[in-house]
Every structure is written in structure tokens, then in C-alpha cells.
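Notes to accompany the following structure.
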Amino acid sequence: MLEAAMDVFAEVGFTGATISEVERRVGLAVGTGSLYRHFPSKEALLTAAVDREVGRLRAEMAERRAAIPPSTDAVERRLHVYEQLLADIRRFDRLFRLMLNEGDRVPELRAAIWTALQRPVLAEPRDEDVVDAIAVAALGGYHLFSTMQGHPFNGVGQEQFLRTLVDLTRQRVPDAPHAAVPAAERAE
């Protein structure tokens, strides 16, 4: 039920979503209010669907991060971490679309998504924290612009983009004790 609701919310937004459509997708009698036996309102359904989606995605992220192959090569390790971060960003597409369309009308949605994605940062970020923030922003931008263009952004393939990002970020903090693993990854 929550998966169907998340699909509907992602496709047409909170405003465009109807309880009847969710009921139809899960095989409940449409228009009878069957869904209201499970959720008191459309807002409650949205909250439950987003909570479930965020929990599912966080679990997938943790599982995939744990599977990053160990490497003593700092460049390869950082490359694998950036590949995983880009995959994580892509995983959140439905929620991003929903947040961009409805975040101002449904502030709880923005808060729930941001809570899932935010990374701890020190009160005074170190150089490596700033580099990590830039890397995540670059990965998010690459994904967004690639999505908008319908192909790799400006023809720059993912592998080339990631390797260049690794080179750029390593140049900024080459002597960091954990340069192979971005600070945000160490904090989790």
C-alpha cells in the first residue's frame, strides 16, 4: 500500500494524488474510503509512505556501502565511494522529484528527506569536510543535469566524471589522514 502511494505521490505530487488512485493501485474498492481504515488522511499516508521509502533507501545505502571493496589505493577507494554516492543520489529520485514539486506545500516532506540525506558536519568544517560537500554537490549536479539532458551531462561519461572528481578532490586535501574515504563516509 505504501509503495503504491509513493508511486502516486512521485508521479503526480501530493496535490494531484488522490486516495482513489492509491486504492485502485492496491486493489481496494475505489471511492469507498477503504484506505481511510489504514490512514486517517492523505497527509498521514504521505508521511508513512515517505518514512517507509527513506527507511528502505537508507538500508540499501548502508548495505551497498558495506560492500565497497576494501582497497589500499586511495584513488580507487575514493572512486568507489563516489560511485556509491552517485548511486545513492539516483536511488532518491522519486523523493527528490516529490520534494521539488511539493516541498514548499508539505514541509514535513522536505524535513524527512533531508534528515535521511544529511551528513554530520563540524561547527567549523575542516578542508576535507568542505571538499566532501563540494564532491556531493558535484555528484548531485551531474546526476540532475544528466537527467535533464537525457544522457551524460555535456557528453562527459560517468567514469570520466568520477575520475576527474577524484583527482580534483585529492588535490585539495592530499595529506589528509583518511584521504581515501571522504569525511562524511567516516562519520557514518
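The values are calculated or read from the model by the stated rules, or taken from the named source; none is laboratory data. Model, not experiment: these values are computed from the prediction. Cβ placement follows ideal geometry from the backbone for every residue including glycine, while neighbour counts extend to all protein chains displayed. Each accessible area value is taken on the protein alone, full model and side chains, heavy atoms only, with ligands, DNA and RNA left out. Shrake-Rupley method; radii C 1.70, N 1.55, O 1.52, S 1.80 Å.
Among the residues of the range 17-74, the ones that are among the β-branched types (Val, Ile, Thr) and either modelled with pLDDT of 90 or more or within 24 Å of LEU109 (Cα to Cα) (or both) come to 7 in all. Here ARG94 fulfils each of the conditions (1) open to solvent by 20 Å² or more (accessible area, probe 1.4 Å); (2) within 22 Å of PHE161 (Cα to Cα); (3) touching a residue at least 60 places away in the same chain (Cβ under 8 Å) apart from (2).
The rows are residues; the columns are (1) of a type in the set (A, V, I, L, M); (2) closer than 19 Å to TYR142 by Cβ.
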{"site": "ALA10", "(1), (2)": "yes, no"}
{"site": "GLY33", "(1), (2)": "no, no"}
{"site": "ILE68", "(1), (2)": "yes, no"}
{"site": "ILE89", "(1), (2)": "yes, yes"}
{"site": "GLY103", "(1), (2)": "no, no"}
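Given the options ARG24, ARG37, ARG65, name the one that is within 23 Å of the chain's Cα centre (by Cα) and either in contact (Cβ under 8 Å) with a residue 24 or more places away in the chain or surrounded by fewer than 18 Cβ atoms within 10 Å (Cβ to Cβ) (or both).
ARG65
Please work out which residue is modelled with the lowest pLDDT, limiting yourself to the range 94-115 and to residues that are in contact with a Leu (Cβ under 7 Å, 6 or more places away or on another chain) and part of a helix (DSSP H, G or I). It comes out as ILE113. With respect to the stated conditions, GLN171 fails to be modelled with pLDDT of 85 or more and either touching an Asp or Glu at 6+ places or on another chain (Cβ under 8 Å) or over 30 Å from LEU45 (Cβ atoms) (or both). Apart from one condition, ALA29 fits all of (1) in a loop (DSSP other than H, G, I, E, B); (2) within 25 Å of the chain's Cα centre (by Cα); the exception is (2).
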